[in-house]
Structures are given as structure tokens and as C-alpha cells.
Amino acid sequence: METTNFDDIRPYTDAELPAAMQRIASHRFFPILAYYVYPGTNIDDVRQKLLSFKTIRDFQLEVMRRVNEQVIQRSISHFTCNGLDRLKATASYLYVSNHRDIMLDASLLEYALFLHGFDTTEITFGANLMQGELVTDIGKCNKMFRVERPGGNWRDFYHASVHLSRYIHYTITEKHQSVWIAQRNGRTKNGMDATDQGIIKMFGMARTDDKVGVLSALHIVPVSVSYEWEPCDILKTLELYASQSGRYTKKPGEDLNSILTGVMQPKGDVHFEVCAPITDAELKALDPLTSNEYHKAVAHLLDTRIVSAYHLFPNNYIAYDLRYGCNKYQQMYTTEQREAFVNHMKELDRYDTCNMEQLYDLFLSIYANPIVNKRKMNE
């Protein structure tokens with residue numbers, strides 16, 4: 001594949017890290033970040049630690065490892081990851097994950113990879129999130145690369161998509177680094193995980209002469225992440241409500257608020273299932289299809305694995321029974337668990353200017369829809 005200059009989207013190199021550490025350490029928000037990552041440690045000592053880093057790996061193994069440990073300690077009851085034994089620690093993969101939290105879906109997978117002796121991946125970083133020097137520096141020091149979101153000039157977006165596709169292929173096949181990407185643009189708000197076939201199309205833009213070979217070279221690995229308590233469930237409910245009412249407009253700082261809420265909100269048990277990779281044989285079986293049908297079929301391959309591997313919690317069964325007015329899954333939860341779920345849902349009561357019946361239904365759908373999705377997939 002033709003080598004392209006990727007300086008406009010790539011992460012920082014080791015040579016660029018010291019200057020970034022200087023900027024982060026001198027930023028006005030540094031004391032707040034240092035307090036979260038290194039509670040009880042003198043700020044100047046944390047600053048000197050950052051300034052001592054020489055490589056991206058130093059930053060990830062010291063700072064990002066501790067970030068994930070703090071998230072798990074403060075907001076997760078049990079963190080588990082299964083399926084990495086299906087992969088080789090020395091190989092490079094394209095991890096395609098369902099998307100429930102802006103930061104944690106990728107960050108916690110990176111931590112699981114670290115615990116199991118794998119190298120961390122490069123991570124897609126939406127251009128809408130890459131706002132401000134501090135966020136950009138932290139992201140690019142964490143092997144994150146810029147991804148343009150749809151909107152505006154479609155010709156420009158097409159060229160950006162080809163550029164992104166070439167970068168992903170370059171990273172996996174030439175740099176021999178794995179990559180993480182979400183299965184769709186934006187988080188799943190309604191609990192129905194589904195791969196955007198446009199993402200599959202983008203993967204193939206790097207080379208259009210061999211639609212099977214171009215995807216096979218990426219070694220695609222579906223990943224299914226499940227949260228007992230959905231990150232930002234109240235915020236997602238309000239966004240769904242505003243969208244249905246035709247009044248939703250993203251506000252300045254909304255993404256940052258979602259990131260902080262997702263990090264701080266109690267999440268209960270969190271499970272990652274690293275599914276079996278998409279095989280060359282599976283892709284070859286789809287070769288006779290037209291391009292559009294091929295992309296749709298590959299997306300369905302991912303969905304089958306991700307939805308099947310999604311881990312259902314008592315909250316999912318409680319929400320289903322409440323939403324559909326039945327006791328179909330009452331054996332899957334206790335009275336105490338049901339009461340805790342209802343009490344949490346009642347946090348919506350403070351938004352009494354809304355249609356509460358509709359608001360409750362949207363909240364319940366977030367938790368009930370994974371059951372509906374599994375049933376549809378099985379059918």
C-alpha cells in the first residue's frame with residue numbers, strides 16, 4: 001500500500017512526548033487530574049514524575065494504568081475480561097467494540113490487554129472530542145488518533161475516510177500495532193448495539209481491488225462490553241427524550257460532562273468479552289455479494305458475535321419485566337435488586353416538566369433492549 005503522511009491524525013511519537021508532558025504538567029487543571037490519579041501524593045512530586053517520562057509506554061504504564069485502577073476501585077464492583085486466550089499477544093488486530101461509554105470502552109480494554117500481557121492498541125479519537133490543548137495532549141500521549149465525524153462537506157468527509165482507512169491498514173500491517181474502534185459513530189443510547197455498515201465500508205477504502213483481502217488483513221476482532229449500570233443512563237434518557245421531541249441540540253461541554261459522569265458514576269459489574277476473530281473463510285464466503293450487501297453482511301457477522309456475547313445483568317431483566325408489564329424474568333433478580341433499580345430510575349422525577357411515562361419508558365428501554373436484541377439475533 002502506498003505510504004501516506006499521517007501527521008494530521010496520528011498519535012504522538014516518543015520524541016514528542018516530553019514537550020507534551022511539559023504542557024500537561026503546567027496546565028491549570030493539572031492539580032485536579034493529579035489528585036484523581038495520585039490521591040494523597042504531593043502535586044510537585046506528580047509533576048516531576050510526568051516530566052521524567054521518555055516514552056509513550058512510560059506514560060501509559062504509569063499514568064493510564066493508574067487511571068484505570070482508580071476507575072475500577074472507585075466505581076466498579078467487579079471487572080472481568082474473557083476471550084483474550086483466543087488471540088496471540090504478538091499479533092496485531094482491529095478490535096471493533098460496541099460503544100456504551102465515550103472513554104471507558106477503550107480505556108478498560110487497554111487495561112485488560114495490559115493485564116494479559118498484550119501491547120496496548122492505538123485508539124480512535126473523535127475530532128469532536130479533540131478540543132483544547134490538554135485533552136489533545138493526553139489523548140495523543142495515549143496512542144489516540146484523530147477521526148473526523150460525518151457532517152459538513154461530504155467530499156471532504158469521503159477523503160478523510162479514505163485517509164483514515166489507509167492509516168488503520170498502515171498501523172496494523174506495517175507498524176504492527178493493534179487498533180480499537182467503535183462499531184458506530186457515537187455511543188449506543190437505546191441499548192441496541194448494531195455495527196454501522198459504513199464503518200465496514202471505510203475499512204475497505206484503503207484498497208478497492210480486493211474486498212475480501214483488504215478486510216482479512218485487518219484481523220477483525222469483535223468486542224462486547226457490558227455494564228451492570230449503564231454509564232450516563234440518566235443523561236442518555238434525557239437526550240433520547242429531547243431527540244424524540246425534536247428539541248435536542250448538543251450543548252457546549254456536553255461530551256466532557258458525559259466523560260466525567262461515565263468515569264465517576266457507579267457501574268457495578270463490568271465485563272468484556274473478546275470474541276473470536278472474523279476469519280478469512282467467513283469473508284470469502286461473502287465474496288459473491290455486491291459491495292453494499294457485502295458490507296452489510298460483514299456488519300452482521302460482527303453483530304452476531306457482539307450481541308451473543310453481551311452479558312445480561314439483573315437490571316436488564318428487571319427493566320424488561322417493568323417495561324412490558326410481566327414477570328417473565330422474575331427468577332433472574334431479587335426484590336432488593338428490583339427496588340434498587342426503581343429507586344435509581346426515580347432520579348428522573350426531578351425532571352417533572354417532561355412526560356414522565358415517556359421518560360421512564362426510554363430509561364427502561366436502555367436496559368431492556370439488550371434482551372430484545374439477543375432474541376432478534378437468535379431468531
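The values are calculated or read from the model by the stated rules, or taken from the named source; none is laboratory data. Values in this document were obtained by computation on a predicted structure and should not be read as measured data. Positions of Cβ are backbone-derived with ideal geometry, glycine not excepted, and every protein chain shown enters the neighbour counts. For accessibility, only protein heavy atoms count, side chains too; no ligands or nucleic acids. Shrake-Rupley method; radii C 1.70, N 1.55, O 1.52, S 1.80 Å.
Worth pointing out:
- Qualifying positions in region 89-102 - modelled with pLDDT of 95 or more, under 27 Å from PRO370 (Cβ atoms) and either of a type in the set (Lys, Arg) or open to solvent by 30 Å² or more (accessible area, probe 1.4 Å) (or both): ARG100
- Condition met for VAL342 (over 27 Å from ILE306 (Cβ atoms) and either surrounded by 12 or more Cβ atoms within 10 Å (Cβ to Cβ) or out of contact with any helix residue (DSSP H, G or I) (no Cβ under 7 Å at 6 or more places or on another chain) (or both)): yes
- Any hit, region 279-286, residues being closer than 30 Å to MET103 by Cβ and of a type in the set (A, V, I, L, M, F, W, C): no
- Matching residues, region 103-121, being open to solvent by less than 10 Å² (accessible area, probe 1.4 Å) and of a type in the set (Asp, Glu): ASP105
- So ARG146, is it touching a Phe, Trp or Tyr at 6+ places or on another chain (Cβ under 6 Å), of a type outside the set (Ser, Thr, Tyr) and in contact (Cβ under 8 Å) with a residue 12 or more places away in the chain: yes
- Members of region 308-327 found to be part of a loop (DSSP other than H, G, I, E, B), out of contact with any helix residue (DSSP H, G or I) (no Cβ under 8 Å at 6 or more places or on another chain) and open to solvent by less than 30 Å² (accessible area, probe 1.4 Å), listed by number: PHE313
- Out of ARG146, ARG155, sole residue that is of a type in the set (D, E, K, R) and either in a helix (DSSP H, G or I) or within 18 Å of ARG100 (Cα to Cα) (or both): ARG155
- Here ALA194 fits the description: modelled with pLDDT of 95 or more, open to solvent by 40 Å² or more (accessible area, probe 1.4 Å) and either small (Gly, Ala, Ser) or touching a Pro at 6+ places or on another chain (Cβ under 6 Å) (or both).
- TYR170 being over 15 Å from the mean Cα position of the chain (by Cα), under 19 Å from THR13 (Cβ atoms) and open to solvent by 10 Å² or more (accessible area, probe 1.4 Å): yes
- Subset of region 281-296 that is of a type outside the set (Phe, Trp, Tyr), in a helix (DSSP H, G or I) and within 28 Å of the chain's Cα centre (by Cα) - its residue that is surrounded by the most Cβ atoms within 10 Å (Cβ to Cβ): HIS295
- The set of residues in region 1-58 being in a loop (DSSP other than H, G, I, E, B), out of contact with any Leu (no Cβ under 9 Å at 6 or more places or on another chain) and under 28 Å from ILE168 (Cα atoms) consists of MET1, GLU2, THR3, THR4, ASN5, PHE6, ASP7, ASP8, ARG10, PRO11, TYR12, THR13.
- Within region 265-278, the presence of at least one residue that is part of a strand (DSSP E or B), open to solvent by less than 40 Å² (accessible area, probe 1.4 Å), of a type outside the set (A, V, I, L, M) and farther than 19 Å from MET192 by Cα is confirmed.
- For beta carbons closer than 6 Å, sequence separation of 6+ or different chains, a first residue in region 327-349 that is closer than 27 Å to LEU238 by Cα and a second that is of a type in the set (A, V, I, L, M, F, W, C) and assigned to a helix (DSSP H, G or I), the qualifying pairs are TYR333/ILE318; ARG338/ILE318; PHE341/ILE318; MET345/PHE363; GLU347/ILE234; LEU348/LEU359.
- Of residues in region 126-138 being of a type outside the set (Asp, Glu) and under 17 Å from LEU51 (Cα atoms), the one nearest to the chain's Cα centre (by Cα): ILE138
- When residues of region 55-77 are limited to those that are among the polar types (S, T, N, Q) and under 17 Å from ILE32 (Cα atoms), the one surrounded by the fewest Cβ atoms within 10 Å (Cβ to Cβ): GLN70
- Residues of region 181-235 satisfying the condition of being of a type outside the set (A, V, I, L, M), free of Cβ contacts under 8 Å to residues at least 60 places away in the same chain and assigned to a loop (DSSP other than H, G, I, E, B): ASN185, THR208, ASP209, ASP210
So that you can scan it fast, the table gives a plain yes or no per residue for (1) open to solvent by 10 Å² or more (accessible area, probe 1.4 Å); (2) under 26 Å from VAL307 (Cβ atoms); (3) among the hydrophobic types (A, V, I, L, M, F, W, C):
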{"site": "ASN142", "(1), (2), (3)": "yes, no, no"}
{"site": "GLY198", "(1), (2), (3)": "yes, yes, no"}
{"site": "LYS201", "(1), (2), (3)": "yes, yes, no"}
{"site": "ASP210", "(1), (2), (3)": "yes, no, no"}
{"site": "VAL214", "(1), (2), (3)": "no, yes, yes"}
{"site": "ALA217", "(1), (2), (3)": "yes, yes, yes"}
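- Pairs where the first residue, in region 368-379, is under 15 Å from SER224 (Cα atoms) and in a helix (DSSP H, G or I) and the second is open to solvent by 20 Å² or more (accessible area, probe 1.4 Å) and among the small types (Gly, Ala, Ser), C-beta under 9 Å, 6+ apart: ASN373/ALA194; LYS374/SER308; MET377/SER308
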